[in-house]
Each structure stands twice: as C-alpha cells, then as structure tokens.
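Every number here is computed from the coordinates shown, using simple stated rules; none is lab data. Please read all numbers here as calculations on a predicted model, not as lab measurements. Backbone-built Cβ (ideal geometry, glycine too); neighbour counts: all protein chains shown.
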Amino acid sequence: MSTSLIRLARSGDEAAFRELADAYRAELHVHCYRMLGSVQDAEDALQETLVAAWRGLASFQERASVRTWLYRIATNRCLNMLRSARRQPANAPFPPGIDLPEPTRLGEVTWLEPYPDAWLPGGGADTAPGPAARYEAKETISLAFVTAIQLLPARQRAVLILRDVLDFPAAEVARLLDTTEQSVTSALKRARATLRNNSPADRTPPPAPDSAAERELVGRFTTALESGDVDGLVSLLADDVRLAMPPMPLEYQGRDLAARFHAALTFRDGRTYRVVPTRANGQLAFGVYLVTPAQPVAQANGLMVLTLAGDTITAMTRFEPTVFGAFGLPSTLPPGLV
C-alpha cells in the first residue's frame, strides 16, 4: 500500500501524500516535542518536516522505510531549530509587594510546555518502544524525562531519543544523522551517563489513572485549593517536593519552602480556586481557575501538572493559562460551575 501511495504522491497527488504522512504524524509530533520541549516548537518542526518531505519525495529512494525517512527529516529539522534557538528566561511577573521566599535555584528549561495525553498516539498511550528500548513509553513523555534531556547537547539528545526511546539500531541512527556508528555509540554513552547522574532516586510508582487512590488524591487536592487550605495542600507534598513554573525560572525545593511560597502567593488575601482535572505528559494535571468576589466567573489561572509517588506529590509544575487551548480547557468557568 505504501508503494502505491508513494507512486501517487510522486505524481503530485497531495491526498496520497497526506495519507502516507498521517500514519506517522502523531508519533513525529511527540518526537519533535521530546527534542524541543515545547509544543509550539514541535508543531513548527512537524510542519517543516511535512513540507520538506512533500518537496523531497522525488529523491526518496525507498532504501529505508517511509517512517525512517520521515524521522530523518524531523530530527534534522529539530537540530536546525536548536542551533538557531535563542531562549532567554522570562522575568517573574509577580505583583509588587509580595514577599516570596528565596528560590532554591533558577531553572534552566524555561521553555518547557506540557503535552496533552489526548495527543499521544493511541489517544493516551505513546507508541510502544521496541524490545531494546531502555525506557518505558510513559517515562519518556514525563515532565522529568523531557526536562532532563533538554539539558543534553543537541546531538546527544537526538541519539539518546533515537536509540533508547525509539529503538532505532545504531547503524540506522548513524545514517539518520550523517555520522558514524562510533560517533553514535560515543554520544549515547555520554548522554546515558548524564541522565544517570541527574536521575532522582527510585520512588514508589504513582497510582493508576482513575484508580481509587488517584481519585482520593484528586479530592484532597481539589478541597485544599477550593477552600484556600495551605496546610491541607502541604500535607500532600513530599519532604523534597519541587515547585517549578515555566517560563519563570524560579524553582523551590522542599516542603517548607513550598509552604511559604503557597502562603505568600497562591493563597494570598484568602484566595480560592476551582479546578478541572486533565492529564499531561502521562501525569495528573489540573486546569486551575481563580475565584474572586469581583468576578462572576472563575478566570483561568494556570495549568498544574503533578508528579506523584504513591499518594504523595513529589513535584508541582505550573504553566501559564496560555496552554489551556491545547487541553480543551475554557478560559473561564461559568457561575454554574463555580
């Protein structure tokens, strides 16, 4: 069937090309997201990939599969984007007069964006890795993994994703990147060492999606935000919990700092919220809406993605409400839902 579609596409049949490319669109988008850490950048890279593939179809000699050929184009488009990227940390737009605690450190991956689970191939499950892949599919879309690989040099990042996530053979990766197998092996060794040194200690797995344990945590988290209960929220946090808020570079580590941060900013002046559960990066997430007496509707405030170990929150990553559209979340909640 692919041979027939290729022949039709080469003759100028755009519908045939779309059918050919659509079989790989979702997984290519995830690949670009892993490479770039940004949903918008991934979309741009994917569109450039498809345009380049359409224009270059005449040169496709079918010595590799269509999938491999598209991954070659997509990976090199991402590498080009990374070479030209100029990513600067955003200034924290906090209101004046708020006494925030000193951050533990400044985060480096300020361009990170959340990825809707609904966009994953299969509508919630990433493409199954090959038998030699070193990571489970769910792990490779997690915020922790995507953040960690953003800190790798671009070529190492590409090699690690192609080898350890997608399970391409070393020889194939060398052809994809126009390099040698020895270079691929060396880059992979360095990338694995970096990730191993920066990986957190093994933790209890999170509860299964929609399990009784997860529903209980959702209930406790929702109650804390909707009642303005700082202590209730803090009781859900691990001792070494990490707070991050891309694109702002501030990061806080530890329950005490998290408590001080939420008291000073999240729940200041008796603020309360309404939340809508969703899923991002294979993790529990919430659209958070601010409730104020002056507004008849609750206003979008941010998307909170939780990293869980058992019934404990080990990381809270808050994103700007500009990401709501990708998750199908409204910008306001009408009074009946508030």
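Values as computed for the structure displayed
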| read-out | value |
| --- | --- |
| Members of the stretch 319-337 that are touching a residue at least 40 places away in the same chain (Cβ under 8 Å) and touching a helix residue (DSSP H, G or I) at 6+ places or on another chain (Cβ under 9 Å) | Val323, Ala326, Phe327, Gly328, Leu329 |
| Residue within the stretch 224-233 that is under 23 Å from Asp99 (Cβ atoms), small (Gly, Ala, Ser) and within 20 Å of the chain's Cα centre (by Cα) present | no |
| Matching residues, the stretch 177-217, being crowded, with 17+ Cβ neighbours inside 10 Å, of a type in the set (A, V, I, L, M) and assigned to a helix (DSSP H, G or I) | Val184, Ala187, Leu188, Ala191, Leu195, Leu217 |
| Criterion violated by Arg242 - all others in (1) outside any helix (DSSP H, G or I); (2) surrounded by fewer than 21 Cβ atoms within 10 Å (Cβ to Cβ); (3) in contact (Cβ under 8 Å) with a residue 24 or more places away in the chain; (4) among the charged types (D, E, K, R) satisfied | (2) |
| Residue match in the stretch 274-294 (condition: out of contact with any Leu (no Cβ under 8 Å at 6 or more places or on another chain), over 19 Å from Ala144 (Cβ atoms), charged (D, E, K, R) and in contact (Cβ under 8 Å) with a residue 24 or more places away in the chain) | no |
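Here's the yes/no breakdown for (1) out of contact with any strand residue (DSSP E or B) (no Cβ under 8 Å at 6 or more places or on another chain); (2) surrounded by fewer than 22 Cβ atoms within 10 Å (Cβ to Cβ):
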residue: Arg274; (1), (2): no, yes
residue: Gly287; (1), (2): no, no
residue: Ser331; (1), (2): no, yes
residue: Pro335; (1), (2): yes, yes
